[in-house]
(Lines give C-alpha, C1' and ligand atoms only; values in the text may rest on other atoms or scores of the structure.)
Protein backbone atom coordinates (compact mmCIF):
# COMPACT_ATOMS: atom_id res chain seq x y z
CA UNK A 1 0.00 0.00 0.00
CA UNK A 2 2.99 2.37 -0.29
CA UNK A 3 1.70 5.81 -1.40
CA UNK A 4 -1.78 4.30 -1.32
CA UNK A 5 -4.40 5.19 1.24
CA UNK A 6 -8.14 4.98 1.82
CA UNK A 7 -10.31 7.77 3.12
CA UNK A 8 -13.81 8.56 4.35
CA UNK A 9 -15.49 11.40 6.25
CA UNK A 10 -17.23 10.18 9.40
CA UNK A 11 -20.78 11.11 10.31
CA UNK A 12 -22.11 11.64 13.81
CA UNK A 13 -20.66 8.85 15.94
CA UNK A 14 -22.72 6.42 17.96
CA UNK A 15 -20.40 6.92 20.94
CA UNK A 16 -17.19 8.94 20.72
CA UNK A 17 -15.86 7.27 23.87
CA UNK A 18 -15.84 3.69 22.53
CA UNK A 19 -14.47 1.92 19.45
CA UNK A 20 -12.78 -1.25 18.20
CA UNK A 21 -10.25 -1.48 15.38
CA UNK A 22 -9.39 -4.95 14.04
CA UNK A 23 -7.16 -5.73 11.06
CA UNK A 24 -4.84 -8.41 9.75
CA UNK A 25 -1.57 -6.77 8.78
CA UNK A 26 1.47 -7.91 6.81
CA UNK A 27 4.46 -5.58 7.10
CA UNK A 28 6.38 -4.23 4.13
CA UNK A 29 9.50 -2.11 4.62
CA UNK A 30 10.81 -1.50 8.12
CA UNK A 31 12.43 1.39 9.94
CA UNK A 32 9.88 4.21 9.50
CA UNK A 33 6.62 5.30 11.13
CA UNK A 34 3.72 3.67 9.26
CA UNK A 35 0.11 4.48 10.05
CA UNK A 36 -2.52 1.74 9.95
CA UNK A 37 -5.49 4.01 10.71
CA UNK A 38 -5.86 7.58 11.86
CA UNK A 39 -7.77 10.88 11.87
CA UNK A 40 -6.21 14.26 11.18
CA UNK A 41 -8.13 17.49 11.61
CA UNK A 42 -5.04 19.69 12.03
CA UNK A 43 -1.66 19.55 13.73
CA UNK A 44 -3.26 20.03 17.14
CA UNK A 45 -6.04 17.49 16.68
CA UNK A 46 -4.89 14.18 15.30
CA UNK A 47 -4.56 10.51 16.11
CA UNK A 48 -2.85 7.45 14.69
CA UNK A 49 -2.46 3.76 15.32
CA UNK A 50 0.88 2.87 13.76
CA UNK A 51 3.91 0.65 13.63
CA UNK A 52 6.61 3.14 14.55
CA UNK A 53 10.18 3.38 13.25
CA UNK A 54 11.37 1.03 16.02
CA UNK A 55 8.79 -1.60 15.09
CA UNK A 56 6.55 -0.91 18.09
CA UNK A 57 2.77 -0.80 17.88
CA UNK A 58 1.73 2.68 19.02
CA UNK A 59 -1.59 4.44 19.69
CA UNK A 60 -1.12 8.19 20.11
CA UNK A 61 -3.84 10.88 19.88
CA UNK A 62 -3.76 14.64 20.50
CA UNK A 63 -6.56 17.10 21.14
CA UNK A 64 -5.97 20.84 21.32
CA UNK A 65 -2.26 20.20 20.90
CA UNK A 66 -2.00 17.99 23.99
CA UNK A 67 -1.65 14.20 24.08
CA UNK A 68 -4.32 12.59 26.24
CA UNK A 69 -3.18 9.01 25.58
CA UNK A 70 0.13 7.36 24.72
CA UNK A 71 0.42 3.59 24.52
CA UNK A 72 3.16 1.63 22.78
CA UNK A 73 4.38 -1.92 23.09
CA UNK A 74 7.78 -3.07 24.28
CA UNK A 75 7.45 -5.78 21.68
CA UNK A 76 8.86 -4.94 18.24
CA UNK A 77 7.13 -6.18 15.11
CA UNK A 78 9.69 -7.07 12.43
CA UNK A 79 8.40 -10.27 10.83
CA UNK A 80 7.65 -9.40 7.21
CA UNK A 81 6.87 -12.99 6.24
CA UNK A 82 3.58 -13.52 8.09
CA UNK A 83 0.41 -11.74 9.11
CA UNK A 84 -0.34 -10.10 12.47
CA UNK A 85 -3.88 -9.73 13.79
CA UNK A 86 -4.05 -6.36 15.57
CA UNK A 87 -6.98 -5.25 17.71
CA UNK A 88 -7.32 -1.98 19.61
CA UNK A 89 -10.38 -1.83 21.88
CA UNK A 90 -11.16 1.46 23.67
CA UNK A 91 -13.84 2.38 26.21
CA UNK A 92 -13.09 5.42 28.36
CA UNK A 93 -16.20 4.89 30.51
CA UNK A 94 -14.42 2.03 32.30
CA UNK A 95 -13.58 2.71 35.94
CA UNK A 96 -10.21 0.94 35.90
CA UNK A 97 -7.67 3.04 34.01
CA UNK A 98 -5.90 0.14 32.26
CA UNK A 99 -9.25 -1.22 31.03
CA UNK A 100 -9.90 1.89 28.96
CA UNK A 101 -7.65 0.79 26.09
CA UNK A 102 -6.59 -2.78 25.35
CA UNK A 103 -4.14 -3.88 22.66
CA UNK A 104 -4.26 -7.44 21.28
CA UNK A 105 -1.89 -9.14 18.85
CA UNK A 106 -2.81 -12.57 17.48
CA UNK A 107 -5.45 -12.97 20.16
CA UNK A 108 -3.22 -12.16 23.13
CA UNK A 109 -3.48 -8.92 25.08
CA UNK A 110 -0.23 -6.94 25.14
CA UNK A 111 0.57 -6.20 28.79
CA UNK A 112 4.26 -5.32 28.44
CA UNK A 113 4.07 -1.69 27.37
CA UNK A 114 6.82 0.87 26.84
CA UNK A 115 4.45 3.78 27.48
CA UNK A 116 1.32 3.53 29.64
CA UNK A 117 -0.44 6.89 29.58
CA UNK A 118 -4.09 5.87 29.58
CA UNK A 119 -6.95 8.29 28.83
CA UNK A 120 -8.98 9.95 31.53
CA UNK A 121 -12.49 8.91 32.46
CA UNK A 122 -15.04 9.58 29.70
CA UNK A 123 -12.42 11.04 27.37
CA UNK A 124 -13.70 11.70 23.85
CA UNK A 125 -11.53 9.68 21.46
CA UNK A 126 -10.16 11.48 18.42
CA UNK A 127 -10.21 8.35 16.27
CA UNK A 128 -13.99 8.05 16.57
CA UNK A 129 -14.78 11.76 16.66
CA UNK A 130 -17.82 12.87 14.68
CA UNK A 131 -17.39 14.58 11.30
CA UNK A 132 -13.65 14.01 10.99
CA UNK A 133 -11.75 12.38 8.12
CA UNK A 134 -10.56 8.83 8.78
CA UNK A 135 -7.62 7.55 6.74
CA UNK A 136 -6.38 3.99 6.40
CA UNK A 137 -2.76 3.56 5.35
CA UNK A 138 -1.34 7.03 6.08
CA UNK A 139 -1.36 10.02 8.39
CA UNK A 140 -3.79 12.76 7.44
CA UNK A 141 -1.01 15.22 6.61
CA UNK A 142 0.22 13.16 3.63
CA UNK A 143 2.93 11.29 5.53
CA UNK A 144 3.77 7.99 7.24
CA UNK A 145 2.36 5.71 4.52
CA UNK A 146 1.91 2.04 5.33
CA UNK A 147 3.97 -0.12 2.95
CA UNK A 148 2.50 -3.53 3.65
CA UNK A 149 -0.86 -5.25 3.19
CA UNK A 150 -4.10 -5.31 5.17
CA UNK A 151 -6.99 -7.75 5.20
CA UNK A 152 -10.33 -8.08 7.04
CA UNK A 153 -10.33 -4.50 8.33
CA UNK A 154 -13.10 -3.76 10.85
CA UNK A 155 -14.00 -0.58 12.69
CA UNK A 156 -16.74 -0.63 15.34
CA UNK A 157 -18.28 2.65 16.50
CA UNK A 158 -19.65 2.53 20.05
CA UNK A 159 -18.46 -0.84 21.40
CA UNK A 160 -15.14 -2.24 22.63
CA UNK A 161 -14.83 -5.89 21.59
CA UNK A 162 -12.05 -8.35 22.56
CA UNK A 163 -9.85 -10.01 19.94
CA UNK A 164 -11.81 -13.26 20.36
CA UNK A 165 -14.70 -11.59 18.52
CA UNK A 166 -12.61 -11.45 15.33
CA UNK A 167 -10.49 -14.60 15.61
CA UNK A 168 -10.01 -17.90 17.40
CA UNK A 169 -7.38 -20.52 18.13
CA UNK A 170 -7.37 -23.51 15.79
CA UNK A 171 -7.91 -26.60 17.94
CA UNK A 172 -5.60 -28.71 15.76
CA UNK A 173 -2.69 -26.40 14.92
CA UNK A 174 -2.90 -23.94 17.80
CA UNK A 175 -2.69 -21.06 15.33
CA UNK A 176 -4.72 -17.88 15.59
CA UNK A 177 -7.15 -17.74 12.65
CA UNK A 178 -9.73 -15.37 11.19
CA UNK A 179 -13.36 -15.25 12.11
CA UNK A 180 -14.49 -14.25 8.62
CA UNK A 181 -17.97 -13.10 9.67
CA UNK A 182 -17.89 -11.81 13.25
CA UNK A 183 -21.14 -10.97 14.99
CA UNK A 184 -20.80 -7.33 16.04
CA UNK A 185 -22.88 -4.17 16.22
CA UNK A 186 -20.90 -1.80 13.99
CA UNK A 187 -22.56 1.49 14.97
CA UNK A 188 -23.05 4.56 12.79
CA UNK A 189 -19.47 4.89 11.53
CA UNK A 190 -18.52 1.22 11.62
CA UNK A 191 -17.34 -0.69 8.56
CA UNK A 192 -15.85 -3.96 7.28
CA UNK A 193 -13.65 -3.76 4.17
CA UNK A 194 -10.88 -5.70 2.39
CA UNK A 195 -12.44 -9.04 3.22
CA UNK A 196 -11.44 -11.18 0.22
CA UNK A 197 -9.47 -8.83 -2.00
CA UNK A 198 -9.10 -5.12 -2.58
CA UNK A 199 -12.76 -4.14 -2.34
CA UNK A 200 -13.39 -1.03 -0.24
CA UNK A 201 -17.16 -1.58 -0.28
CA UNK A 202 -18.44 -1.79 3.29
CA UNK A 203 -19.73 -5.26 4.17
CA UNK A 204 -21.00 -4.30 7.63
CA UNK A 205 -24.42 -3.26 6.38
CA UNK A 206 -23.81 0.35 7.38
CA UNK A 207 -23.01 1.52 3.85
CA UNK A 208 -19.78 3.22 4.93
CA UNK A 209 -17.83 2.61 1.75
CA UNK A 210 -14.27 3.87 1.52
CA UNK A 211 -12.52 5.43 -1.46
CA UNK A 212 -9.00 4.90 -2.71
CA UNK A 213 -7.89 8.50 -2.20
CA UNK A 214 -4.32 8.01 -3.42
CA UNK A 215 -2.20 5.44 -5.21
CA UNK A 216 -3.37 2.04 -6.41
CA UNK A 217 -4.86 -0.62 -4.15
CA UNK A 218 -3.47 -3.89 -5.48
CA UNK A 219 -5.18 -7.20 -4.90
CA UNK A 220 -2.88 -9.90 -3.56
CA UNK A 221 -3.26 -13.67 -3.37
CA UNK A 222 -1.23 -13.50 -0.17
CA UNK A 223 -3.63 -13.50 2.76
CA UNK A 224 -3.76 -14.53 6.43
CA UNK A 225 -4.94 -18.03 5.46
CA UNK A 226 -2.34 -18.61 2.74
CA UNK A 227 0.98 -16.81 3.18
CA UNK A 228 3.19 -16.58 0.09
CA UNK A 229 6.96 -16.41 -0.08
CA UNK A 230 8.57 -12.97 -0.33
CA UNK A 231 12.18 -11.76 -0.13
CA UNK A 232 13.42 -11.25 3.41
CA UNK A 233 14.82 -7.75 4.12
CA UNK A 234 16.16 -8.84 7.51
CA UNK A 235 19.18 -10.59 6.02
CA UNK A 236 22.30 -8.45 6.44
CA UNK A 237 23.02 -8.29 2.72
CA UNK A 238 19.40 -7.36 2.06
CA UNK A 239 19.77 -4.14 4.05
CA UNK A 240 21.57 -2.68 1.04
CA UNK A 241 18.63 -3.28 -1.31
CA UNK A 242 15.91 -0.70 -1.80
CA UNK A 243 12.84 -2.94 -1.62
CA UNK A 244 9.37 -1.88 -2.73
CA UNK A 245 6.07 -3.57 -3.61
CA UNK A 246 5.85 -5.74 -0.50
CA UNK A 247 9.49 -6.91 -0.62
CA UNK A 248 9.06 -8.41 -4.07
CA UNK A 249 10.76 -5.75 -6.18
CA UNK A 250 14.24 -4.23 -6.07
CA UNK A 251 14.54 -0.56 -6.87
CA UNK A 252 18.34 -0.64 -6.86
CA UNK A 253 20.63 -0.07 -3.91
CA UNK A 254 19.85 1.97 -0.83
CA UNK A 255 21.09 5.56 -0.85
CA UNK A 256 24.87 5.83 -0.59
CA UNK A 257 25.47 2.12 -1.23
CA UNK A 258 28.38 1.13 -3.45
CA UNK A 259 28.26 -1.41 -6.27
CA UNK A 260 29.23 -4.92 -5.25
CA UNK A 261 27.70 -8.42 -5.07
CA UNK A 262 24.76 -8.86 -2.75
CA UNK A 263 22.28 -11.68 -2.26
CA UNK A 264 18.75 -11.90 -0.94
CA UNK A 265 16.73 -14.94 0.10
CA UNK A 266 13.12 -15.99 0.46
CA UNK A 267 11.14 -16.25 3.66
CA UNK A 268 9.84 -19.79 3.03
CA UNK A 269 11.90 -22.93 2.60
CA UNK A 270 10.97 -26.47 1.60
CA UNK A 271 12.60 -29.90 1.74
CA UNK A 272 10.01 -31.74 -0.35
CA UNK A 273 7.43 -30.92 -2.99
CA UNK A 274 7.55 -29.16 -6.37
CA UNK A 275 7.54 -25.37 -6.63
CA UNK A 276 7.45 -22.70 -9.32
CA UNK A 277 8.17 -18.96 -9.35
CA UNK A 278 8.97 -16.16 -11.82
CA UNK A 279 11.29 -13.14 -11.96
CA UNK A 280 10.95 -10.23 -14.40
CA UNK A 281 14.00 -8.20 -15.37
CA UNK A 282 12.69 -4.64 -15.00
CA UNK A 283 16.07 -3.22 -15.97
CA UNK A 284 19.53 -4.69 -16.44
CA UNK A 285 22.87 -2.95 -16.60
CA UNK A 286 23.68 -2.73 -20.30
CA UNK A 287 27.45 -2.92 -19.85
CA UNK A 288 27.51 -6.40 -18.34
CA UNK A 289 24.21 -8.28 -18.32
CA UNK A 290 25.78 -11.40 -16.82
CA UNK A 291 26.04 -10.07 -13.30
CA UNK A 292 22.72 -11.33 -12.00
CA UNK A 293 21.69 -14.85 -10.99
CA UNK A 294 18.63 -16.49 -9.50
CA UNK A 295 17.86 -19.92 -8.13
CA UNK A 296 17.75 -21.73 -4.81
CA UNK A 297 20.13 -22.34 -1.90
CA UNK A 298 20.06 -24.64 1.13
CA UNK A 299 19.35 -22.87 4.41
CA UNK A 300 22.69 -23.88 5.92
CA UNK A 301 24.59 -22.11 3.11
CA UNK A 302 22.78 -18.79 3.22
CA UNK A 303 25.46 -16.08 3.20
CA UNK A 304 24.89 -13.53 5.95
CA UNK A 305 27.18 -10.68 4.90
CA UNK A 306 26.34 -7.17 3.74
CA UNK A 307 28.75 -7.11 0.81
CA UNK A 308 30.37 -9.49 -1.67
CA UNK A 309 27.63 -12.02 -1.06
CA UNK A 310 27.14 -14.56 -3.85
CA UNK A 311 24.63 -17.20 -2.85
CA UNK A 312 25.73 -19.44 -5.76
CA UNK A 313 29.17 -20.00 -4.17
CA UNK A 314 27.85 -22.84 -2.02
CA UNK A 315 28.00 -26.52 -2.95
CA UNK A 316 24.24 -26.73 -2.32
CA UNK A 317 23.37 -23.54 -4.20
CA UNK A 318 22.04 -23.64 -7.76
CA UNK A 319 21.65 -20.62 -10.03
CA UNK A 320 20.99 -19.46 -13.59
CA UNK A 321 22.85 -16.31 -14.62
CA UNK A 322 22.08 -13.48 -17.02
CA UNK A 323 24.78 -14.75 -19.40
CA UNK A 324 23.01 -18.12 -19.76
CA UNK A 325 25.41 -20.01 -17.48
CA UNK A 326 24.32 -22.41 -14.75
CA UNK A 327 26.19 -21.93 -11.48
CA UNK A 328 26.98 -24.18 -8.55
CA UNK A 329 29.90 -23.71 -6.17
CA UNK A 330 31.24 -21.00 -8.49
CA UNK A 331 33.01 -17.86 -7.29
CA UNK A 332 32.87 -16.28 -10.73
CA UNK A 333 29.65 -15.88 -12.67
CA UNK A 334 31.65 -16.63 -15.81
CA UNK A 335 32.85 -19.92 -14.33
CA UNK A 336 29.64 -21.85 -14.85
CA UNK A 337 28.55 -24.13 -17.65
CA UNK A 338 26.39 -23.14 -20.59
CA UNK A 339 22.75 -23.98 -19.98
CA UNK A 340 20.31 -21.62 -21.69
CA UNK A 341 19.86 -18.26 -23.36
CA UNK A 342 21.10 -15.02 -21.86
CA UNK A 343 18.42 -12.67 -20.56
CA UNK A 344 17.99 -8.92 -20.29
CA UNK A 345 15.47 -6.13 -19.64
CA UNK A 346 11.79 -7.22 -19.87
CA UNK A 347 12.60 -10.94 -19.98
CA UNK A 348 10.75 -13.20 -17.53
CA UNK A 349 12.70 -16.09 -16.04
CA UNK A 350 10.83 -19.05 -14.57
CA UNK A 351 12.27 -21.47 -12.03
CA UNK A 352 10.78 -24.90 -11.30
CA UNK A 353 12.42 -27.07 -8.67
CA UNK A 354 11.43 -30.62 -7.89
CA UNK A 355 12.60 -31.50 -4.39
CA UNK A 356 11.02 -34.95 -4.53
CA UNK A 357 13.28 -36.00 -7.42
CA UNK A 358 16.17 -33.57 -6.85
CA UNK A 359 15.91 -31.60 -10.13
CA UNK A 360 15.80 -27.91 -11.11
CA UNK A 361 14.83 -26.16 -14.36
CA UNK A 362 14.78 -22.61 -15.71
CA UNK A 363 12.85 -21.05 -18.59
CA UNK A 364 13.13 -17.75 -20.46
CA UNK A 365 9.82 -16.19 -21.53
CA UNK A 366 8.03 -19.52 -21.22
CA UNK A 367 10.57 -21.72 -23.06
CA UNK A 368 12.43 -24.22 -20.90
CA UNK A 369 16.21 -24.13 -21.30
CA UNK A 370 18.05 -27.23 -22.51
CA UNK A 371 14.71 -28.69 -23.72
CA UNK A 372 13.86 -29.19 -20.10
CA UNK A 373 10.73 -31.00 -18.96
CA UNK A 374 9.92 -30.27 -15.29
CA UNK A 375 7.26 -33.01 -15.36
CA UNK A 376 9.76 -35.76 -16.23
CA UNK A 377 10.23 -36.72 -12.57
CA UNK A 378 13.28 -38.85 -11.74
CA UNK A 379 14.35 -38.87 -15.40
CA UNK A 380 15.10 -35.14 -15.09
CA UNK A 381 14.94 -34.34 -18.81
CA UNK A 382 16.90 -31.12 -19.32
CA UNK A 383 17.43 -30.54 -15.61
CA UNK A 384 20.32 -28.18 -14.84
CA UNK A 385 21.49 -29.97 -11.69
CA UNK A 386 20.93 -32.97 -9.47
CA UNK A 387 20.08 -31.35 -6.15
CA UNK A 388 21.56 -32.59 -2.91
CA UNK A 389 18.75 -34.43 -1.15
CA UNK A 390 17.25 -34.01 2.32
CA UNK A 391 17.98 -30.28 2.61
CA UNK A 392 15.71 -27.26 2.99
CA UNK A 393 15.97 -24.87 0.05
CA UNK A 394 15.02 -21.19 -0.24
CA UNK A 395 14.65 -19.04 -3.39
CA UNK A 396 17.57 -16.64 -3.89
CA UNK A 397 18.82 -13.89 -6.17
CA UNK A 398 22.13 -12.02 -6.40
CA UNK A 399 23.24 -9.07 -8.49
CA UNK A 400 26.16 -6.68 -8.76
CA UNK A 401 24.94 -3.43 -10.30
CA UNK A 402 22.58 -0.79 -8.95
CA UNK A 403 20.99 -0.70 -12.42
CA UNK A 404 19.89 -4.34 -12.09
CA UNK A 405 16.23 -4.05 -11.12
CA UNK A 406 13.86 -7.00 -10.86
CA UNK A 407 10.40 -8.06 -9.66
CA UNK A 408 9.42 -11.50 -8.36
CA UNK A 409 6.08 -13.23 -8.71
CA UNK A 410 5.76 -16.04 -6.20
CA UNK A 411 2.07 -16.42 -7.03
CA UNK A 412 0.48 -13.04 -6.30
CA UNK A 413 -0.08 -12.47 -10.00
CA UNK A 414 1.91 -9.24 -10.20
CA UNK A 415 5.35 -8.04 -11.18
CA UNK A 416 5.64 -4.99 -8.98
CA UNK A 417 2.30 -3.20 -9.29
CA UNK A 418 1.61 -4.60 -12.77
CA UNK A 419 -0.62 -7.64 -13.14
CA UNK A 420 0.61 -10.51 -15.31
CA UNK A 421 -0.44 -9.87 -18.89
CA UNK A 422 -2.14 -13.21 -19.52
CA UNK A 423 -2.22 -15.69 -16.67
CA UNK A 424 -1.05 -19.20 -17.52
CA UNK A 425 -2.68 -22.40 -16.38
CA UNK A 426 -2.12 -23.67 -12.87
CA UNK A 427 -3.69 -27.01 -11.99
CA UNK A 428 -2.84 -26.55 -8.30
CA UNK A 429 -5.17 -23.50 -8.12
CA UNK A 430 -2.60 -21.90 -5.86
CA UNK A 431 -1.13 -18.69 -7.21
CA UNK A 432 -1.36 -16.72 -10.47
CA UNK A 433 1.59 -16.70 -12.88
CA UNK A 434 2.47 -15.31 -16.30
CA UNK A 435 3.28 -18.71 -17.78
CA UNK A 436 1.83 -22.19 -17.40
CA UNK A 437 2.82 -23.86 -14.14
CA UNK A 438 4.15 -27.36 -14.87
CA UNK A 439 1.74 -30.11 -13.84
CA UNK A 440 2.42 -31.19 -10.27
CA UNK A 441 4.04 -27.89 -9.25
CA UNK A 442 2.56 -25.13 -7.10
CA UNK A 443 3.36 -21.75 -5.57
CA UNK A 444 5.68 -21.57 -2.59
CA UNK A 445 3.14 -20.67 0.08
CA UNK A 446 1.78 -22.15 3.28
CA UNK A 447 -0.97 -23.80 1.25
CA UNK A 448 1.59 -25.06 -1.28
CA UNK A 449 3.79 -26.47 1.47
CA UNK A 450 0.85 -28.49 2.77
CA UNK A 451 -0.41 -29.73 -0.60
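The values are calculated or read from the model by the stated rules, or taken from the named source; none is laboratory data. Small disclaimer: the values here were computed from a predicted structure and weren't measured. Note: ideal-geometry Cβ built from the backbone for every residue, glycine included; neighbour counts use all protein chains shown.
Residues are listed down the side, and each one gets a yes or a no for (1) surrounded by fewer than 20 Cβ atoms within 10 Å (Cβ to Cβ); (2) under 19 Å from residue 347 (Cβ atoms):
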| residue | (1), (2) |
| --- | --- |
| 286 | yes, yes |
| 292 | no, yes |
| 299 | yes, no |
| 324 | yes, yes |
| request: For region 9-32, name all the residues that are in contact with a strand residue (DSSP E or B) (Cβ under 8 Å, 6 or more places away or on another chain) and closer than 26 Å to residue 221 by Cα. | output: 21, 22, 23, 24, 25, 26, 27, 28, 29
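Among 185, 173, which is the only one that is over 21 Å from residue 39 (Cα atoms) and at pLDDT below 95?
Details: 185 fails: at pLDDT below 95.
After ruling out the rest, the residue left standing is 173.
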| task | Report whether or not residue 67 is more than 26 Å from residue 196 (Cβ to Cβ) and surrounded by fewer than 17 Cβ atoms within 10 Å (Cβ to Cβ). | result | yes
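Residues that are at pLDDT 90 or above, at least 1 per element: which strands (runs of 3 or more DSSP E) completely within region 201-284 meet that?
Working: elements: 211-214, 241-244, 249-253, 262-265, 274-283.
Of the strands (runs of 3 or more DSSP E) lying wholly inside region 201-284, those with at least 1 residues that are at pLDDT 90 or above span 211-214, 262-265, 274-283.
Say we look at region 309-329 and pick out the residues that are assigned to a loop (DSSP other than H, G, I, E, B) and touching a strand residue (DSSP E or B) at 6+ places or on another chain (Cβ under 8 Å); which of these is farthest from residue 372 (Cα to Cα)? Quick ask: steps written out before the conclusion?
Of region 309-329, the ones assigned to a loop (DSSP other than H, G, I, E, B) are 309-310, 314-316, 322-324, 328-329.
Then drop every residue that is not touching a strand residue (DSSP E or B) at 6+ places or on another chain (Cβ under 8 Å), which leaves 309-310, 314, 316, 322, 324, 328-329.
Details: 309: 29, 310: 26, 314: 24, 316: 21, 322: 18, 324: 14, 328: 18, 329: 22 Å.
Only one residue tops the list, namely 309.
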| message | Please go through region 207-246 and give me each residue that is free of Cβ contacts under 8 Å to residues at least 24 places away in the same chain and crowded, with 19+ Cβ neighbours inside 10 Å, ordered by number. | response | 241
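Please return the ranges of strands (runs of 3 or more DSSP E) entirely within region 336-451 where 2 or more residues are modelled with pLDDT under 95 and in the same structural domain as residue 272 (by TED's automatic domain parsing). Please lay out each step first, then the result.
Values: elements: 348-354, 359-364, 393-399, 405-409.
Where strands (runs of 3 or more DSSP E) fall fully within region 336-451 and carry at least 2 residues being modelled with pLDDT under 95 and in the same structural domain as residue 272 (by TED's automatic domain parsing), they are 393-399, 405-409.
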